[in-house]
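The structure appears right after this line, and notes come after that.
Taken together, the values in this text are just the output of simple stated rules run on the coordinates, not laboratory data. Model, not experiment: these values are computed from the prediction. Here Cβ is always computed from backbone atoms with ideal geometry, including for glycine, and neighbour counts include all displayed protein chains.
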Amino acid sequence: MILIDTILQGVMLGGLYALFALGLSLTFGVMRLVNLAHGDLILLGSYIILTLAGSLYLPPLIAALVALPIMFVLGWALQRFLLNHALHDDILPPLIVTFGLSILIQNGLLAIFTADSRRLSLGGIEAQSFAVGPLNIGVLPLMTLLAAVLVVLLLNFVFFKTALGRAFRATSDDATTLTLMGRDTRRVFAIATGIALVVAGVAAFFLATRASINPSIGPARLIFAFEAVIIGGLGSFWGTLIGGIILGVAQTLGGSIDPEFQVLAGHLVFIAILFLRPRGLFPRAFD
Amino acid sequence: MKRRTILKGIAAGAMTSGLGLPALAKGVKVKIGYVRPETGPLAGFTGADDFVLSNFANSSTAMGLDIEIITRDSQSSPSRAGDVAAELIIDEEVSMMIVGGAPETNNPVATICESEGVPCISTLSPWQAYFIARQANPADPSTWKPFDYGFHFFWGLEDVVGVFTKMWQKLDTNKKVGFLFANDADGLAWADPNNGLPPVMNQLGYDIVDLGRHKVLNDDFTNFVNAFKQQDVDVVTGTMIPPDFITFWNQAQQQGYKPKMATVGKGLLYPQDVAAVGPAAHNLSCEVWWAPSFPFSSSLNGMSAADYAASFTDATGRPWTQVLGFVHALLEVAADTVKRAGDPTDPDSLTEAVAATNLDTIVGNVAWPGASAPPFAAPNVTRTPVAGGQWRVGDDGSLDLVIVENSDHPMIPKAGDIEPLN
């Protein structure tokens, strides 16, 4: 029974990793942009939600919903005025720019919000769970997983059912040809990053509610997010979710053997999958 | 003429106008370097610095001392801490160094000072992490040597072990203790089977359930919760950073695991960290090395611990922290040294003065050689008092750290009795 519980907890942990990874999956899939500041942008989102909840006395969930359009504008502006200038054939400039951005955000948050721990309180839901047979399922972890599923469904809808999604996919497949067809890829990119930050905003809500945050913790889960994207395969949102879940389960199973094995187990599974399927489990893009 | 001779000449001139202050301190500008983690994960150590430093500038001027504190940011990186310490000594020509920001900041700075022959006063890390960890062979006590320029005041692991076990003994438990120590310098030292908690706990008849060290910023504690639940562990203890403790505590509650006590070192020290736990923080316990109720007062401005904490809250709008008292005490010791030194611009003269310190500070008495430190470390180490506290959450969500265990230091007033978590 402990084994089933361990796997279940791992699946729900995977939901969290997937939420962290989906924004990356989007920017990476559409623009081949490796955004090293993604973790810090999520953290920035958490502080925006906290500020909205604290200064406007909004309930946490409403504050998060208000924060989402702010995150979109932020992402759009970030891409339009900064990242587009760094995106060229050379892959190094975007890496350096986003790395610098990561440091800027961390220290900016430190200057404004100090190093104190902060947390968005949901009024006790954090500790609640319900019993399914002998198992206890935490309400907040389950919400996290469901949010990840919902985000995947919405992203898939945008990608495969709308004109915007067609532009995203076309950019991903062949940006040069798209430009020849008269579409401005820089605009497509700006909208893509805007959406990626909306997803980051969802992750930010769960980051701020599940435990306390401080300005330095942004990059901590970036590596798991990257691994989830790679395991799942580029361009597939379901793949990213599955990747996150595989990583989560590997970690909880590894941790049940020895806590020091917890993170390593995740990395080992990542390497094994990279070895067996170098392009991930469900790759969509070919390059 | 050498710089130092000139300075001595100027100082001698200043002495003729002597206004009650001993020796040469009056009128001579003394530069003190202060390496601190202003940014990065250790930034919590410097949260009170702006207030403490400006407060110090006022009181040292009022005392007729001309002390310039030159600060440098270690960015929470040990290698950068060493670099900026060297920069302070070589470029800024500081005569003395102060540092207080966990072993990751203290140790590289103290090591640079040792090799450059500049006195270094440090605090805010258990003395073992300062003294033993910097030895050539930490595993072999016979090779341990004292330092010439390092002076450290704080408590040791023996103090927290004593406080923790005394708190647990006051409750009726099954004597099973679950370990939640993180895989970092603190966690490894506290859980060390030879020098940490385990030997004392074994002696007192406690059963330890230890699965191993967990990663810092761990996202899942299922394995710990399951093991503790299965083995019916009554007491959990560890050194965890606040986010990790909250992750564990949420999972424990979700899984219906309810220990009688949770005593967490390092992670539950600040009100704002505990506030993040929410109502579930009620009766969590931790070590207390400084609180407004400590019966000490500042040698700089005469303020009691309670007044000083209150003025911090007035000035910043933030709750007091345990670090506040220690950063203040660090500056107290530095100012006292400058006052007593024969030549306060000469590192060796300052070193002699620090080595003979006997000062009642806002954190208690600081004196070298440390009377309560083991003989091999006494020239460098002195211990300050530690008590045990429990957080009480009021109906309005207000937090109060109540001192419930003071048997090692009865002068610290006890404000309540220990209560089980539920």
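Kirkwood hydrodynamic radius of region A:2-219, from the reciprocal of the average inverse Cα-Cα distance over all distinct pairs: 18.3 Å. Divide the volume of the convex hull around the Cα atoms of region B:34-142 by the residue count and you get 111 Å³ per residue. Model label sites at residue A:271 and residue B:71, defined 7 Å from Cα along the beta-carbon direction, differ in position by 4.3 nm. Can you tell which of A:85, A:267, A:38 shows the greatest fluctuation in a Gaussian network model of chain A with Cα springs below 10 Å? So, out of A:85, A:267, A:38, the one fluctuating most is A:85.
Inter-label distance, residue A:96 to residue B:408: 5.2 nm, where each label sits 7 Å from its Cα along the C-beta direction.
Cα-Cα pairs above 27 Å in chain B: how many percent? Considering chain B, 52 percent of its Cα-Cα pairs are separated by more than 27 Å. Applying 1/(1 + (r/R0)^6) with R0 = 25 Å to the Cβ-Cβ distance of residue A:160 and residue A:73 gives a FRET efficiency near 0.50. Largest mean-square fluctuation among A:144, A:176, A:51, in a Gaussian network model of chain A whose springs join Cα atoms under 10 Å apart, belongs to A:176.
Taking the Cα centre of the protein assembly as shown as reference, the dipole from Cβ charges on Lys and Arg (+1) and Asp and Glu (-1) amounts to some 1720 debye.
With springs only between Cα atoms under 10 Å, which of B:36, B:383, B:72 fluctuates most in a Gaussian network model of chain B? For chain B, modelled as a Gaussian network with Cα springs under 10 Å, the answer is B:72. Annotation: amide H-H contacts under 5 Å for residue B:361 (H modelled 1.01 Å from N, sequence separation of 5 or more, or interchain): B:366. For region A:2-219, the dipole from Cβ point charges (+1 on Lys and Arg, -1 on Asp and Glu) about the Cα centre works out to 400 debye, to the nearest 20. In percent, rounded to a whole number, the relative contact order of region B:317-366 is 36, using alpha-carbon pairs under 8 Å and six or more apart. For region B:120-128, backbone phi angles converted through the Karplus equation (6.51, -1.76, 1.60; θ = phi - 60°) give residue-by-residue couplings of 10, 9, 9, 7, 6, 7, x, 4, 4 Hz, Gly and Pro being listed as x.
The distance from the alpha carbon centre of region A:1-65 to that of region B:302-364 is 43 Å, rounded to a whole number. This ranking places B:144, B:290, B:320, B:391 by how few other beta-carbon atoms lie within 10 Å of each, fewest first, which gives B:144, B:391, B:320, B:290. For region B:238-358, the share of alpha carbon pairs falling in successive 5 Å distance bins from zero is 2, 10, 16, 15, 13, 12, 11, 9, 6, 4, 2, 1, 0 percent. Normalised size of the protein assembly as shown, defined as Cα radius of gyration per 2.2 N^0.38 Å with N residues, equals 1.03.
Each of residue B:133 and residue A:3 was given a label point 7 Å from its Cα along the Cα-to-Cβ line. The distance between the two points is 4.1 nm. Placing +1 on each Lys and Arg Cβ and -1 on each Asp and Glu Cβ, with no other charges, gives region A:140-252 a dipole about its Cα centre of roughly 220 debye. FRET efficiency for residue A:111 and residue A:153, Cβ-Cβ distance as r, R0 = 25 Å, nearest 0.05? That pair, residue A:111 with residue A:153, gives E of 0.05. Here region A:182-212 is scanned for amide nitrogen atoms under 17 Å from the site 7 Å beyond the Cα of residue A:82 along Cα-to-Cβ, giving A:189-201. For peptide A:255-267, the mean count of partner chain Cβ atoms within 10 Å of a residue's Cβ comes to 5. What is the percent of Cα-Cα separations in region A:177-287 that go past 23 Å? Of the Cα pairs, 43 percent sit more than 23 Å apart. Each semi-axis of the equivalent ellipsoid for region B:275-422 is √(5λ) with λ an eigenvalue of the Cα gyration tensor; in descending order they amount to 34, 18, 11 Å. Only one residue of A:190, A:140, B:359 has its Cα farthest out toward the positive end of the dipole of the protein assembly as shown, where Lys and Arg carry +1 and Asp and Glu -1 on Cβ, and that residue is A:190. Unpaired cysteine residues in the protein assembly as shown (no second Cys Cβ under 4.7 Å): B:286. Residues in region B:114-119 carry Karplus couplings, in order, of 4, 6, 8, x, 10, x Hz; the curve used is 6.51 cos²θ - 1.76 cosθ + 1.60 with θ = phi - 60°, and Gly or Pro positions show x.
Available extension along the chain between residue B:91 and residue B:140 is 13.9 nm, counting 0.36 nm per residue and deducting the alpha carbon span. A Förster distance of 45 Å, applied to the separation of the beta-carbon atoms of residue B:258 and residue B:358, puts the FRET efficiency at 0.40. Distant-in-sequence amide contacts of residue B:373, defined by a placed amide H-H separation under 5 Å and a gap of 5 or more residues or a different chain, comprise B:383.
Take each residue in A:11-19, count the other chain C-beta atoms within 10 Å of its C-beta, and the mean is 1.
Oblate is the label for region A:62-118. Its Cα gyration tensor axes, ordered a ≥ b ≥ c, give a/c of at least 1.5 and b/c at or above a/b.
Remark on residue B:66: its backbone amide H falls under 5 Å from those of B:27, B:28, B:30, a criterion applied only to residues 5 or more positions apart or on other chains, H modelled at 1.01 Å from N.
Each of A:129, A:114, A:77 was scored by the projection of its Cα onto the charge dipole of region A:2-219, and the greatest displacement toward the positive side belongs to A:77; charges sit on the C-beta of Lys, Arg, Asp and Glu. In whole angstrom, how far apart do the alpha carbon centroids of region A:249-287 and region B:120-181 sit? Between the Cα centre of region A:249-287 and that of region B:120-181, the gap is 38 Å.
Classification of region B:29-81 by its C-alpha gyration tensor yields an oblate form. The axis ratio a/c (a ≥ b ≥ c) is 1.5 or more, and b/c is at least a/b.
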